[in-house]
Amino acid sequence: MSGFEPTPTPETAPYWDAAARGDLSVQFCLQCARHYFYPRPACPRCGGESVEWRTVAGRARLVSYVINHRPLPPFDATVPQIVALVELDEGPRMMTAIVGVEPAPEHLPLDLALEVAFVDCGDVRLPVFKPMAVAA
Amino acid sequence: MSATSMHGGRVAIVGASETDTIGKRPDASVLGLHAEAARNALRDAGLTISDVDGIATAGIYPQDISHYLGITPRWLDGTLVGGCSFLLHVRHAAAAIAAGAADVVLVTHGESGRSGVGADPWIRNPAAISGQFEQPYGAQAPYSTFTVPALRFLHDRGMTVEHLAHVAVAQRTWAVDNPRAARRDPVTVADVLGGPTIAYPFTRDMCCVVTDGGGALVLTSAERARDLPSTNRAVYLLGSGESAESSIVSQMADPGSFAAFRHASAEAFRTAGLTHADIDHFMAYDAFAHLPLYALEDAGFVGRGESGDFVAEGNTVKGGRLPVNTNGGGLSYTHSGMYGMYAIQEAVRQLRGEAHAQVPGVDVSFVLGVGMFFAAAGSLVLARHPA
Ligand SMILES: [Zn+2]
């Protein structure tokens, strides 16, 4: 996937290092017993610095989205993008892309169950989501 | 100390003007647009450059404007929180004037959003929080970022995409009468829904125009306003507010409600000592069609889930209970990039009785603006009379 490649910073590097291993890792505040996102050194709820990185299950639900028909370069302008807001089972929400599904509203009911996948994006692996595989 | 000290009608907008023309301005640079608007606003006030001792602007250093114009400031404000920055400037200027830190403040805006003359190039920062956690997914252009929460807003309220279309239709009714507006042809809901999709569910007419233009305001104390030739056209600041939520859209605490709209509007009502029933006119920053719906609910003009029908039933158009975005808004009038200045200008025109599509008897106008993508907010309560 060629597009806007992210550049990790010292504070966010553990997130991207985990993604490179195929893990979705989110910070957890020991004081609040609560996950938070985006990565930063202290909990935005209590200010506490007793936080640790935890690998999460990678399951989420579709909160909202747009189907972008005008992707900017270097994205491929002919391929509509599903730009989505998802909520992890553990609570935090994040922006992502939905892959593995037609970019059409009839395939994207809100609250659709999703699971994480990873795509190469420059020097990093980017967490994206796809509809949860339905058990046979 | 009470936050009301800078309000209560003690500070007035005595000059307000846009650039001579807006829309396509390949003949003027960003600086030139600022300066043209500034000269027009000072002329409107009956003041000159030598009267100005305070300068505020956004997206460009305030000293770049003051020096360009020949002003020696003793008060500067370069607050940049996105498109509503100018609402914050008015609020900050009022505090400065009330505190004696400035006598006459000039607030300027100019942007070459369409033609790009003299504009800074946009440079992406891939290490910024948005650069790491939103833009890699295509959430960079406003139409594919600011718009993302809209489907959840509609879904949770039992509303539909047609409600977004109704916002575009309602605002176009105002622009039809406005020769300065960029989009003036009447449209129907079917027209709006049938237009080209920019980012589903947003079609072209649910997205703002992209233009060049500028605007400026001159503020001073109500006392000094009484001695100016423009005194009969002075507009008074009764209340204001400002707030911020998240720097990235995904971290809104509730994707269906903008906390900074709620906080900033509540503070404006509180400092003005007014209620919703006192408001005759509402300017709700509309880069996209969902924003007036959020604004109506978050500012408390309607209850949760009532915004869509409120617009669809005609309450925001001519003759409606609460005329909204009477210049046509960002969707139809103009949007050079930071629209807040134009929202204030239209509120001032309505209060002076000088609007292109004038609403009869506007005594109090409420202006609510957003900065960046659901990141910051500002609010103003403006009135024809000081109290
Ligand atoms: Zn905590």
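The values are calculated or read from the model by the stated rules, or taken from the named source; none is laboratory data. Note that the coordinates shown come from a computational prediction; the quantities given were computed from them, not determined experimentally. Here the Cβ positions follow ideal geometry from the backbone for every residue, glycine too, while neighbour counts run over all protein chains shown. Keep in mind that these areas ignore ligands, DNA and RNA; they rest on the heavy atoms of the full protein, side chains included. Shrake-Rupley method; radii C 1.70, N 1.55, O 1.52, S 1.80 Å.
Filter segment B:141-158 down to residues that are touching a helix residue (DSSP H, G or I) at 6+ places or on another chain (Cβ under 8 Å) and open to solvent by 20 Å² or more (accessible area, probe 1.4 Å), then give me how many there are. Step through it out loud before you land on a result.
Keep residues of segment B:141-158 that are touching a helix residue (DSSP H, G or I) at 6+ places or on another chain (Cβ under 8 Å), which gives B:145-150, B:153-154, B:157.
Keeping just the survivors that are open to solvent by 20 Å² or more (accessible area, probe 1.4 Å) gives B:157.
Of the residues in segment B:141-158, 1 are touching a helix residue (DSSP H, G or I) at 6+ places or on another chain (Cβ under 8 Å) and open to solvent by 20 Å² or more (accessible area, probe 1.4 Å).
How many of the residues making up segment B:280-309 are open to solvent by less than 10 Å² (accessible area, probe 1.4 Å), more than 18 Å from B:Phe374 (Cα to Cα) and touching a strand residue (DSSP E or B) at 6+ places or on another chain (Cβ under 8 Å)?
2
Checking the condition of a type outside the set (Asp, Glu), more than 8 Å from every other protein chain (Cβ to nearest Cβ), open to solvent by less than 40 Å² (accessible area, probe 1.4 Å) and at negative phi, which residue from B:Ala94, B:Ala99, B:Ala127, B:Ala119 passes?
Answer to the check: B:Ala94.
For segment A:1-18, give me each residue that is open to solvent by less than 10 Å² (accessible area, probe 1.4 Å) and more than 11 Å from chain B (Cβ to nearest Cβ).
A:Ala18, the sole residue that qualifies.
I'd like to check which strands (runs of 3 or more DSSP E) are fully inside segment B:1-113 and have at least 2 residues that are more than 20 Å from the chain's Cα centre (by Cα).
It comes to B:75-77.
Looking for whichever is among the β-branched types (Val, Ile, Thr) and within 16 Å of the ligand (Cβ to nearest atom) here; the options are A:Val86, A:Val66, A:Val51. Which one fits?
A:Val51
Out of A:Arg34, A:Arg21, A:Arg45, report the one residue that is within 12 Å of the ligand (Cβ to nearest atom), more than 19 Å from B:Ile248 (Cα to Cα) and surrounded by fewer than 19 Cβ atoms within 10 Å (Cβ to Cβ). Full working, then the answer.
Values: A:Arg21 fails: within 12 Å of the ligand (Cβ to nearest atom); A:Arg45 fails: more than 19 Å from B:Ile248 (Cα to Cα).
Testing whether each residue is within 12 Å of the ligand (Cβ to nearest atom), more than 19 Å from B:Ile248 (Cα to Cα) and surrounded by fewer than 19 Cβ atoms within 10 Å (Cβ to Cβ) leaves just A:Arg34.
Scan segment A:100-118 for residues that are among the hydrophobic types (A, V, I, L, M, F, W, C) and loosely packed, with under 14 Cβ neighbours inside 10 Å and jot them down. Can you show your working first?
Of all residues in segment A:100-118, those among the hydrophobic types (A, V, I, L, M, F, W, C) come to A:101, A:104, A:108, A:110, A:112-114, A:116-118.
A:Ala104 - this is the single residue of segment A:100-118 that is among the hydrophobic types (A, V, I, L, M, F, W, C) and loosely packed, with under 14 Cβ neighbours inside 10 Å.
Of the residues that make up segment B:207-223, is at least one within 14 Å of another protein chain (Cβ to nearest Cβ) and touching a strand residue (DSSP E or B) at 6+ places or on another chain (Cβ under 6 Å)?
There is at least one residue in segment B:207-223 that is within 14 Å of another protein chain (Cβ to nearest Cβ) and touching a strand residue (DSSP E or B) at 6+ places or on another chain (Cβ under 6 Å).
Could you please find all residues in segment A:53-68 being open to solvent by less than 10 Å² (accessible area, probe 1.4 Å) and within 14 Å of another protein chain (Cβ to nearest Cβ)?
If we filter segment A:53-68 for residues that are open to solvent by less than 10 Å² (accessible area, probe 1.4 Å), which is where we start, we get A:58, A:60, A:62-68.
Once the filter is applied, which keeps residues that are open to solvent by less than 10 Å² (accessible area, probe 1.4 Å) and within 14 Å of another protein chain (Cβ to nearest Cβ), segment A:53-68 yields A:Ala60, A:Leu62, A:Val63, A:Ser64, A:Tyr65, A:Val66, A:Ile67, A:Asn68.
Can you tell me how many residues within segment B:233-257 are within 14 Å of chain A (Cβ to nearest Cβ), open to solvent by less than 30 Å² (accessible area, probe 1.4 Å) and under 19 Å from the mean Cα position of the chain (by Cα)?
Residues of segment B:233-257 within 14 Å of chain A (Cβ to nearest Cβ): B:244-257.
Restricting the remaining residues to those that are open to solvent by less than 30 Å² (accessible area, probe 1.4 Å) gives B:246, B:248-250, B:252, B:255-257.
Applying the additional criterion that residues be under 19 Å from the mean Cα position of the chain (by Cα) yields B:257.
Going through segment B:233-257 one residue at a time, the tally reaches 1.
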